[in-house]
Amino acid sequence: MSHPAPARTRVAIIGAGPAGLLLGHLLHRKGVDTVILENRDRPYVERRQRAGILEQGTVDVLRATGAAAGMDARGLPHDGIELRFAGESHRIDFPALCGRSVMVYAQTEVVKDLIALRLEAGAPLLFEAEALNVTGIEGDAPQVRYRYEGEEHTLTAEYVVACDGFHGVGRRAVPDAARRTFERVYPFSWLGVLADVPPSCDELIYAHSPAGFALHSMRSPEVSRLYVQVPPDADLADWPDERIWEALSDRFALDGWKLGTGPITEKSVTPMRSFVTEPMRHGRLFLAGDAAHIVPPTGAKGLNLAAADVTLLASALLHRFATGDESRLDSYSEDALARVWRAEHFSYTMTSLLHTSPEDDPFGHRLQLAHLRYLVSSEAAATSLAENYTGLPLPGLDALV
Ligand code: RFL
Ligand code: PHB
């Protein structure tokens, strides 16, 4: 459906990934006018294969705000994960350790559900609308310049939220002198596949092996999602299906266990990066989700951090609109960054724990095994893993219900 190009709104949102769509949803249902600009078309956004694990807090916000019908019908509640290393298998039991659990429900499904809700509600969501730049963020009428249906337009708002991912334009509107970035790039990538084969496990398997990391996840009782660690510059052309299955079987090897194989329907390589930009606000521009931070996917935190950012921001914006008080907008960056850095640390730790690195020496390998043994033999260590994996409660949720 084509929309007239809007010129004014209260909150301009750039990007229709999980961050932008959820923010739009939370504000729209509380009567706040928003416009979402998305530079890709709808089928592209709905098919982009990414994350698959929702933390308890993300599940809670979708449920509490009427966006959980798909998740509750098709999501798979999971109460634990398996750590596999040195030919052994160990379960981490989340509810027993920390009283929380997670949901396997693909990011693509969350995105489809939120798009459907927004379009049903008749709220503006423009596909193939590319934000070109953001200006005036130090004043009280910031503007987004955007291209839509071959013409350039200006959207003037009270606030602009950049939910436009790592490569977006929002972050660039913050003057260089006003921001700092922190970054780490890892010497490996993940090759991810979707395969039409029932999962060979009931819960996710995180496997550490001398040949590298592998992860067995799933999308449904019929579809498996698998990842294998590859060199950073890996070319898909060098990874025919047989080589992928061989690498996976080798890395998951466990006596009495067999990996089921089936037709691979999608393949991609994802580089691994940690990245944080500070602060997450400049004047009337706010950054949320991957626009502000990236984690390597090992801790399954990317999508969940995006949801946490916008939950916090939506409640701060609603408070400002209801009372005129800006204090919660003023503390948004600091509040969000506290959670972001916790997740950065967890994702970094899980990544370092499970991958083999070209820089590794035998000492490093022994340290990994010692850490893995500690996680599976100490209740305190396992509780820390469970608490981080299932996520901290979401701040600000009460105000949004
Ligand atoms: P998104 O999902 O990247 O959405 C940003 C949206 O902004 C649009 N956009 C623009 N729109 C208008 N004008 C512009 N100038 C624009 N520039 C960009 C984009 O088209 C897009 O629709 O960010 P968001 O909403 O912050 O959500 C974050 C999550 O998507 C992300 O953290 C996770 O998916 C990270 N991630 C993974 N996380 C996991 O936990 N497990 C995974 O397996 C996993 N796989 C992945 C991933 C991220 C990837 N990226 C970003 C390259 C695989 C990939 C390939
Ligand atoms: C996924 O299902 O895509 C997935 C699950 C757990 C992760 C990363 C990705 O840590």
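Read-outs throughout are calculated quantities, based only on the coordinates presented, and are distinct from any laboratory measurement. Owing to the predicted nature of the structure, the values given are computational and were not obtained by experimental measurement. Neighbour counts run over all protein chains shown; Cβ positions are idealised from the backbone, glycine included.
How do the peptides 144-155, 23-34, 121-132 rank, highest first, by the average count of neighbouring beta carbon atoms within 10 Å per residue?
On the way: 144-155: 16.5, 23-34: 21.6, 121-132: 18.8.
Ranking, from highest mean packing down: 23-34, 121-132, 144-155.
Using θ = phi - 60° and the Karplus curve 6.51 cos²θ - 1.76 cosθ + 1.60, what whole-Hz ³J(HN,Hα) does each residue of the stretch 377-387 get, with Gly and Pro shown as x?
Residue by residue, the stretch 377-387 yields 10, 10, 5, 4, 5, 5, 5, 5, 4, 4, 4 Hz.
How many nm separate the modelled label positions at Glu326 and Asp72, each set 7 Å beyond the Cα in the direction of the Cβ?
Between Glu326 and Asp72, the simple spin-label model gives 4.0 nm.
Determine the calculated [θ] at 222 nm for the chain from helices alone, applying -39500 (n - 2.57) to every DSSP H run no shorter than 4 residues and normalising by the residue count; nearest 500 deg cm²/dmol. Before the final figure, lay out each step's value.
Values: 12 runs with 140 residues, N = 401.
Calculated mean residue ellipticity at 222 nm is -11000 deg cm²/dmol.
Out of the chymotrypsin sites (Phe, Trp or Tyr not before Pro) in the stretch 4-111, which ones are loop residues according to DSSP with at most 12 other C-beta atoms within 10 Å?
Here no loop site has a sparse enough neighbourhood.
If you take the beta carbon distance between Thr349 and Asp79 as r and set R0 to 25 Å, what does 1/(1 + (r/R0)^6) give as a FRET efficiency, to the nearest 0.05?
Between Thr349 and Asp79 the formula returns 0.70.
Starting from the 7 Å offset along Cα-to-Cβ, what nm value, one decimal, do you get for the label separation of Ala116 and Leu367?
Here the modelled spin labels are 4.8 nm apart.
Report, by chain and number, residues whose modeled amide H sits under 5 Å from the one on His78, excluding near sequence neighbours (fewer than 5 apart, same chain).
Counting only residues 5 or more places away or on other chains, the set is Val102, Met103, Val104.
Hey, what do the phi angles of the stretch 24-32 turn into as Karplus ³J(HN,Hα) couplings, whole Hz, using 6.51/-1.76/1.60 and θ = phi - 60°, x for Gly and Pro?
For the stretch 24-32, the Karplus curve yields x, 4, 5, 7, 4, 6, 9, x, 9 Hz.
Calculate the dipole size of the chain relative to its Cα centre from +1 charges on Lys and Arg beta carbons and -1 charges on Asp and Glu beta carbons; express the result in debye to the nearest 20.
Numbers: 39 positive and 53 negative charges, 101 e Å.
So the magnitude is around 480 debye.
Give the aspartates and glutamates whose C-alpha is closer than 14 Å to that of Lys30, dropping any in the same chain fewer than 8 places away, or say none.
Asp398
Please list, in chain and number order, the residues 5+ apart from Arg40 or on another chain whose amide H is under 5 Å from its amide H, with Hs placed from the backbone.
Glu128, Ala129
Taking the DSSP beta bridges in the chain as the whole, what percent of them are antiparallel, to the nearest 5?
Details: 55 of 74 bridges.
The answer is about 75 percent antiparallel.
May I ask you to compute the full-extension gain from Glu138 to Asp360, defined as 0.36 nm times their residue separation minus their alpha-carbon distance, rounded to one decimal in nm?
Fully extending the segment from Glu138 to Asp360 adds 75.2 nm.
Given H placed 1.01 Å from N in the peptide plane, which residues other than close sequence neighbours of Phe188 have an amide H under 5 Å from its amide H?
Excluding prolines and chain starts, which carry no amide H, the hits are Met272.
Tell me which lysines have Cα within less than 23 Å of Lys258's Cα, excluding those fewer than 8 residues away on the same chain?
In chain and number order, the partners are Lys267.
Could you rank the peptides 284-295, 370-381, 169-180 by their average count of other C-beta atoms within 10 Å per residue, with the highest value first?
With the highest mean Cβ count within 10 Å placed first, the list reads 284-295, 169-180, 370-381.
Ranking request for peptides 190-200, 253-263: highest mean number of other beta-carbon atoms within 10 Å first, then the rest in descending order.
So the order, starting with the most tightly packed, is 190-200, 253-263.
What nm value, rounded to one decimal, do you get for the distance between Glu151 and Ala237 when each label is placed 7 Å out toward the C-beta?
4.4 nm
Taking Cα pairs under 8 Å and at least six residues apart, what relative contact order does the chain come out at, in percent?
Relative contact order, the chain: 21 percent.
With θ taken as phi - 60° and the coefficients 6.51, -1.76 and 1.60, list the Karplus ³J(HN,Hα) couplings across the stretch 108-118 in order, rounded to whole Hz; mark glycine and proline as x.
Running phi through 6.51 cos²θ - 1.76 cosθ + 1.60 with θ = phi - 60° gives 4, 6, 4, 4, 4, 4, 6, 5, 4, 4, 5 Hz.
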